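Student: Got a structure for you, questions after.
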Amino acid sequence: MEPRLAGLISGLNSTHVPFVFDGLESRNCSAINAVVTVLNNSITDFSNTTRRSIYRGILNVTAGSSLQCYARNTSFAVYLRETFQGFAAFLNLRDLALVVPASEIQKIVNTMAPDALADLLSSSDFLNDNNFLTVLLKNYKRRGAFIDLFNKKSIVDALPNDTGTAVLAGVWPVVLRSDNETVVDTWLDARLSRYFSFIQGNILNFRGTRNASCTAFRKIVGKLSNNVTAFKVSQQEIYNFTKAYLTATSARPRCYNASDPRTANWFAAYLGRSIRYSSADDVRSFIDNNATVLQDLAINPDNLRLINHTRIHKDVAELYATALFAKHSNFSLVNLPDQLLCFARHSTAIRLLSSSASLSIIARINLQCGPSNTSELKDPFTTDRQLATMLVAQIATFDARTLAALGQQAVGLTSGQILELRAQDIADPLALQSLGQVNGWDRGQSQGLMNKLISSNFTFDTAEAFQRLGTLVLGLPSRVVSNITADTAMKMAKNANFHRAIKKAPGYLKRAFVDKIISNSSSLNDILNNVPDDLVDQVPIPLLVFREELLELHKINEKQWSPEQAAVFFVEVLNATDNYADLSAAVLQGFQCGAASGLSPDKISSLVEHVKNKNTTLSAHQLSCVAKILAAKNLTANFTSYPPDALLFFDLTQVQNHTCKEFYSLASQGTLNLLPNGSAQRTQLLNNALVCLGGVNNTLSKEQLSSLGALVCDMDPAAITDSNPLILENLKLCPDLAGAQKAALNALLSRGESQDGDLGSLQSLGSLTLYLNQTTWRSVKEGVRKAFFRSVVAGYQTQSASQKEKTMLLLKSIGSASPSSPRSKRATEQCKSEPITASTIQDPLFIVYYDTKGQFDACLSNEVLKANLVPLLEHPLTEEYLDVMKRKLSEIYPAGIPEDQLKLFGQLSRRYDGTEISKWTVTSSDTLSALLDPSGGSWKASGVKTPVSVNVAIGAIEQEGDPTVSR
């Protein structure tokens, strides 16, 4: 062939090449090879375009013949060299993917020696298909030898990021499989050192990663942790990879062996610095909620070093510290990582601290555990208070310098300790400045400190003097504020720190402060300008009258009015604007039927729409009026624009069939309790909704439940057990459940997934936890149950009186599900646990530890009660516990309870009857106001039914020395 073609070949150009290869794929291999050889012999005569065209012709013939000329047991690299000859310079991965059948990749790539494969991949032009590169390398068996040779190629130093990532992804599986430390080290430290910076999330999340050997995973975590900034992958992606691996098996902690000391540093080895992204629930999941394992890990020096150098979430720090002190309660506080020191309340070493050592620990805590730099400081958690109380208890004597050094930990001072302080030490400028910056004073502490300060002849004559008080303002008697000038009060109101403090003050103090501000006001606009927005609810209603003055609507909208106040000027507001979008929710809540009924249809529709848009809360009376006005003006068809609460009061006979599903779906989002339980309207709502949605029995589908919302609350108990499990979401909307419904709820939960998982799964039940019975609670692991208990107690003080009653029932049921000592039948019990102290009172699990009236009585001394009245009353105590306190207080104060203590009674005052109340000595309106505060709950004691009867029982207040009485 060659002699006949030789004369023609040299003049070949790219337009001729297709004719040369036409039909060639059907010829035998020798013929194909002969043509390529002839062309190759004249390769220097061809232009680059012609050469590329010839290469393309060879490629098409090779691909079209399905590698028929390739001897399967020979090196594929040799085959490519012989097939393409000099034209192989144009060969690349993308074209190679067209030649090699996907089903034969593994077999073919493994015919090449490591050096041949390294040579093949050493051209930058060849590496143009990163996906196929990864596939080739994943299928290659001698990856170690290949990467050693490939790393010697000059191309490696110039690899694009994507190509480097493809190489890493290709060899990654072999790294994961090895359980030999030397082999893994060779891969990570030598072979892949230049590629590791290319690591990406898709490599870490490769499905084979979850099956990696423990050795490989540990080494990878170590490498990622040591120099995380050098990698393209984010720290969150590294944590996601770590979490996925550690939770991929049922046996947990994964890779941990309690009998193998080499795994004792499990946190450092398998989480590394990724622990900063862990939540406490994550950690519990990693160790399968095994408290013993956690305690063993917590004490390990390597793990402690990790915690010492890595910022972790507070809930993880608390979990870790709790486990550490459970294992070694006397662990050195000096060697404890700072962020664990914030949660050292379980340390027994605190009891051994000297005054100076305690102050040293306090300084560290104030530095490491203080509040974040936010404009609105939050009160400390009960656990923070407990630690502060323990540390402050170790200080023998307090002078001004010591008080200043306490910083935020001064919140641990008990009322008993405050009583022993010297007035001049509190009045010391440095001490007062420090005490005024403490956040979270309770009523007893702030009152005690202020009484001391007043006795030191501290002068309250300027705004600056009050500002120096800082957070101690809470303890001021109202008579002090009543003695200042209106100008001073207005100046104080403009100070951000004072304003922040007065917002948390008792009602009587806020009222006295606002009264003083408005004492020189001659108009409503003066009040609007001078009274802070969030204190305006203390302005007496008779003063909210416009006397032919220009209405400053923008100022009215900025204020946080009470509904009663907003109702006074609602008519004036409606007359002042047609743009109801400008009105705040605080103003709209004053909705008045008479004023609204005179509006045109367009205006009333717009007004009600903005009530919805501003999430305004209206009373049942107001909503009923809204519904009637809309019906009278034929505006009910536009029901989708109105508040769901208003739809509850619509005339249901007027709901059209074609819109009923949408109507009842929206109405079900309303506050069902606005309608009396069992009322005709409420019953008709449910019945009509069921008919509309096709729910003719108690078996409700997911779709029906999504449209029924809170209306499910009135259905038979069978609906709870027979419907789709998503009915739990509906039940969370219920104001309350009947006895049979509670039983059905527990039956549903008992046959579903167990509630012994993490705290989050229990908290996801929301208000339904109020209805769990003892059997259900016993199925929850004790650690999770206690963590949930702690979270409930933390929110107790911010709840309404009715919510508190439900919370007490809940905590009682949780406590009864906890193992406890048998109840003694003797009249007088012996304390079977530790005596109650100031620090144990601050423990959120206080009621769990003293879970019977007898033990509470036996372990609570009169001395501790006297010094810690307020923190005790901040717990969700049952009436039995309150009665124990009442009896002990009569022993402490046989001549009568001091008035400054009466002011702190709160819920305890409700345990006194009319005869007992009549014996109280009350000389201050502050005391009366504190006793009548509705947050203390309802008056249920014999002979006391209403606040009025309480007032009568207390008797006339002596006005001498208390100018606030005449208010």
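Student: Taking segment 883-895 on its own, how many of its residues are open to solvent by less than 10 Å² (accessible area, probe 1.4 Å) and either within 25 Å of VAL792 (Cα to Cα) or of a type in the set (Gly, Ala, Ser) (or both)?
Tutor: So the answer is 2.
Student: Going residue by residue through segment 308-315, is there one that turns out to be of a type in the set (Lys, Arg) and under 21 Å from the mean Cα position of the chain (by Cα)?
Tutor: yes
Student: Run down LEU297, LEU333 and say which single residue is in a loop (DSSP other than H, G, I, E, B), in contact with a helix residue (DSSP H, G or I) (Cβ under 9 Å, 6 or more places away or on another chain) and over 19 Å from VAL784 (Cα atoms).
Tutor: Among LEU297, LEU333, only LEU333 is in a loop (DSSP other than H, G, I, E, B), in contact with a helix residue (DSSP H, G or I) (Cβ under 9 Å, 6 or more places away or on another chain) and over 19 Å from VAL784 (Cα atoms).
Student: Let me ask another. Only helices (runs of 4 or more DSSP H) wholly contained in segment 120-196 count here; list those with 2 or more residues that are open to solvent by 10 Å² or more (accessible area, probe 1.4 Å) and closer than 17 Å to GLY208 by Cα.
Tutor: 130-139, 161-177
Student: Still on this structure, please answer the following. Being surrounded by 17 or more Cβ atoms within 10 Å (Cβ to Cβ) and free of Cβ contacts under 8 Å to residues at least 40 places away in the same chain is the filter; apply it to segment 618-634 and report the residue that is nearest to PRO676 (Cα to Cα).
Tutor: So the residue we want is SER624.
Student: Give me the pairs, please: first residue somewhere in segment 150-170 and over 14 Å from LEU117 (Cβ atoms), second residue anywhere and in a loop (DSSP other than H, G, I, E, B) and open to solvent by less than 10 Å² (accessible area, probe 1.4 Å), beta-carbon distance under 7 Å, and either six or more positions apart or on two chains.
Tutor: GLY164/TYR195; LEU168/LEU192; LEU168/TYR195; LEU168/ILE199
Student: Within segment 859-876, is there a residue that is open to solvent by 20 Å² or more (accessible area, probe 1.4 Å), closer than 26 Å to SER478 by Cβ, of a type in the set (Gly, Ala, Ser) and in a loop (DSSP other than H, G, I, E, B)?
Tutor: No, that holds for no residue.
Student: Give all pairs with beta carbons closer than 9 Å in which a residue from segment 555-570 that is farther than 16 Å from ASP534 by Cβ meets a residue that is at pLDDT below 95 and open to solvent by less than 50 Å² (accessible area, probe 1.4 Å); count only pairs at least 6 apart in sequence or on separate chains.
Tutor: Qualifying pairs under 9 Å: VAL568/LEU544; PHE569/LEU524; PHE569/LEU544; PHE569/PHE546; PHE569/LEU551; PHE569/ILE556; PHE570/ALA595; PHE570/ALA596.
Student: Is there a residue in segment 678-690 that is part of a helix (DSSP H, G or I), within 25 Å of GLN592 (Cα to Cα) and open to solvent by less than 60 Å² (accessible area, probe 1.4 Å)?
Tutor: Taking every residue of segment 678-690 in turn, at least one turns out to be part of a helix (DSSP H, G or I), within 25 Å of GLN592 (Cα to Cα) and open to solvent by less than 60 Å² (accessible area, probe 1.4 Å).
Student: What are the residues in segment 897-919 that are open to solvent by 40 Å² or more (accessible area, probe 1.4 Å) and part of a loop (DSSP other than H, G, I, E, B), if any?
Tutor: If the condition is that a residue be open to solvent by 40 Å² or more (accessible area, probe 1.4 Å) and part of a loop (DSSP other than H, G, I, E, B), then PRO898, ASP913, SER918, LYS919 are the ones that fit.
Student: Could you please give the count of residues in segment 197-220 that are farther than 13 Å from LYS232 by Cα, aromatic (Phe, Trp, Tyr) and open to solvent by 10 Å² or more (accessible area, probe 1.4 Å)?
Tutor: 1
Student: Can you tell me which residue is surrounded by the most Cβ atoms within 10 Å (Cβ to Cβ) among those in segment 281-294 that are assigned to a helix (DSSP H, G or I) and β-branched (Val, Ile, Thr)?
Tutor: Among them, the one singled out is VAL283.
Student: Now for a separate question. In segment 88-107, which residues are more than 25 Å from ARG52 (Cβ to Cβ) and not basic (Lys, Arg)?
Tutor: ALA102, SER103, GLU104, ILE105, GLN106
Student: Here is a further query. Based on this model, can you work out whether ILE307 counts as farther than 30 Å from ASP399 by Cβ and either assigned to a helix (DSSP H, G or I) or not hydroxyl-bearing (Ser, Thr, Tyr) (or both)?
Tutor: So ILE307 passes the test.
Student: Kindly indicate which of ILE418, ILE362, ILE350, ILE395 is in contact with a helix residue (DSSP H, G or I) (Cβ under 6 Å, 6 or more places away or on another chain), surrounded by 20 or more Cβ atoms within 10 Å (Cβ to Cβ) and not in a helix (DSSP H, G or I).
Tutor: ILE395
Student: Specify the residue that is surrounded by the most Cβ atoms within 10 Å (Cβ to Cβ); the eligible residues are those in segment 480-505 that are closer than 21 Å to GLY448 by Cβ and either hydrophobic (A, V, I, L, M, F, W, C) or modelled with pLDDT of 95 or more (or both).
Tutor: Here the answer is VAL481.
Student: Exactly one condition in (1) under 33 Å from the mean Cα position of the chain (by Cα); (2) open to solvent by 70 Å² or more (accessible area, probe 1.4 Å) is false for ASN579; which is it?
Tutor: Going through the list (1) under 33 Å from the mean Cα position of the chain (by Cα); (2) open to solvent by 70 Å² or more (accessible area, probe 1.4 Å), ASN579 breaks only (1).
Student: If you take the residues in segment 584-593 that are more than 12 Å from TRP561 (Cα to Cα) and not polar (S, T, N, Q), which one is surrounded by the most Cβ atoms within 10 Å (Cβ to Cβ)?
Tutor: PHE591
Student: Could you count how many residues in segment 404-415 are surrounded by 21 or more Cβ atoms within 10 Å (Cβ to Cβ) and among the aliphatic types (A, V, I, L, M)?
Tutor: 4
The values are calculated or read from the model by the stated rules, or taken from the named source; none is laboratory data. Predicted model only: the values in this text are computed from it and were never measured. Methodologically, a virtual Cβ is constructed for each residue, glycine included, from the backbone with ideal geometry; neighbour enumeration extends over all protein chains shown. Ligands, DNA and RNA are stripped out before the accessible areas are found, and what is left, the full protein with its side chains, is counted by its heavy atoms. Shrake-Rupley method; radii C 1.70, N 1.55, O 1.52, S 1.80 Å.
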